[in-house]
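Peer 1: Below: one structure in structure tokens.
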Amino acid sequence: QVQLVESGGGSVQAGGSLRLSCAASQDIFGIDTMGWYRQAPGKQRELVARISSASGFSYADSVKGRFTIFRGNAKNTVYLQMKSLKAEDTAVYYCNLQRGLTDYWGQGTQVTVSS
């Protein structure tokens, strides 16, 4: 069982930046896929960004050029750098780890962007 803990959410004005952090209770292996998802009120959870050794980086079209996913120096961390935030980025952001056929999720962190 892997626990994921997100941090770094908050409130920011449009155009601002935030960095989300995700710390896993175990080392993240090269075969793992790490990702960030978000869910806005009344909407389905959607993929924001993902990183894996097999497929590299992938981003939702809505965040390309503004968000960057990257792993930290510690083997159990992954980050999401968000720039040029828009009101439509407002959502609860979840860290996800895919290991084999198992998905692990964090508890989520709220990001609120005011216009």
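Peer 1: Taking H as built 1.01 Å from N, whose amide H comes closer than 5 Å to the amide H of Val48, not counting residues under 5 places away?
Peer 2: Distant-sequence amide H within range of Val48: Trp36, Tyr37, Arg38.
Peer 1: Could you identify which residue out of Asp32, Asp89, Asp61 has the top mean-square fluctuation in a GNM of the chain using Cα springs shorter than 10 Å?
Peer 2: For the chain, modelled as a Gaussian network with Cα springs under 10 Å, the answer is Asp61.
Peer 1: Tell me, what is the FRET efficiency for Gln13 and Gln98 to the nearest 0.05, using R0 = 30 angstrom and their Cβ-Cβ distance as r?
Peer 2: It comes to 0.35.
Peer 1: Rounded, prolate or oblate: which one fits the stretch 22-64, using the alpha carbon gyration tensor with axes a ≥ b ≥ c (rounded when a/c is under 1.5, else prolate when a/b beats b/c, else oblate)?
Peer 2: Oblate.
Peer 1: A further question follows. Nearest 5 is fine: what % of DSSP beta bridges in the chain come out antiparallel, could you say?
Peer 2: In the chain, DSSP labels about 90 percent of beta bridges as antiparallel.
Peer 1: Also, quick follow-up: Mind checking which lysines have their Cα closer than 26 Å to the Cα of Lys75? Skip sequence neighbours fewer than 8 apart in that chain.
Peer 2: Filter leaves Lys64, Lys83.
Peer 1: Okay, next question. What is the extension gain from Gln39 to Ala87, computed as 0.36 nm multiplied by their sequence separation minus the C-alpha to C-alpha distance, in nm to one decimal?
Peer 2: 15.9 nm
Peer 1: I'd like the per residue volume of the convex hull spanned by the Cα atoms of the chain, given in cubic angstrom.
Peer 2: Measuring per residue, one finds 98 Å³ for the Cα hull of the chain.
Peer 1: Related question: Tell me, how many Å apart are the Cα centres for the stretch 53-97 and for the stretch 22-41?
Peer 2: 10
Peer 1: Before anything else, pin down the relative contact order of the chain: Cα pairs under 8 Å, at least 6 apart, normalised by residue count, whole percent.
Peer 2: Reported relative contact order: 36 percent.
Peer 1: Calculate one ³J(HN,Hα) per residue across the stretch 84-97 by plugging θ = phi - 60° into the Karplus curve 6.51 cos²θ - 1.76 cosθ + 1.60, and present them in order as whole Hz with x for glycine and proline.
Peer 2: 6, 5, 10, 4, 6, 7, 4, 4, 8, 9, 10, 8, 9, 10
Peer 1: Using a 1.4 Å probe, what is the accessible area per residue for the chain, in Å²?
Peer 2: In whole numbers, the chain has 53 Å² accessible per residue.
Peer 1: To continue, here is another question. Trypsin sites (Lys or Arg not before Pro), restricted to the stretch 15-96: which are DSSP loop and have at most 16 other Cβ atoms within 10 Å?
Peer 2: Counting only loop positions with at most 16 other Cβ atoms within 10 Å, the trypsin sites (Lys or Arg not before Pro) in the stretch 15-96 are Lys43, Arg45, Lys64, Arg66, Lys75, Lys83, Lys86.
Peer 1: Among the chymotrypsin sites (Phe, Trp or Tyr not before Pro) in the stretch 5-93, which ones are in a DSSP loop with at most 15 other Cβ atoms within 10 Å of the Cβ? Mind listing them?
Peer 2: Sites meeting the loop and neighbour criteria: Phe29.
The values are calculated or read from the model by the stated rules, or taken from the named source; none is laboratory data. Keep in mind that this is a model prediction, so the values were computed, not measured. All Cβ positions, glycine included, derive from the backbone under ideal geometry; neighbour counts span all protein chains shown. Areas reflect the complete protein model, heavy atoms only, side chains present, ligands, DNA and RNA absent. Shrake-Rupley method; radii C 1.70, N 1.55, O 1.52, S 1.80 Å.
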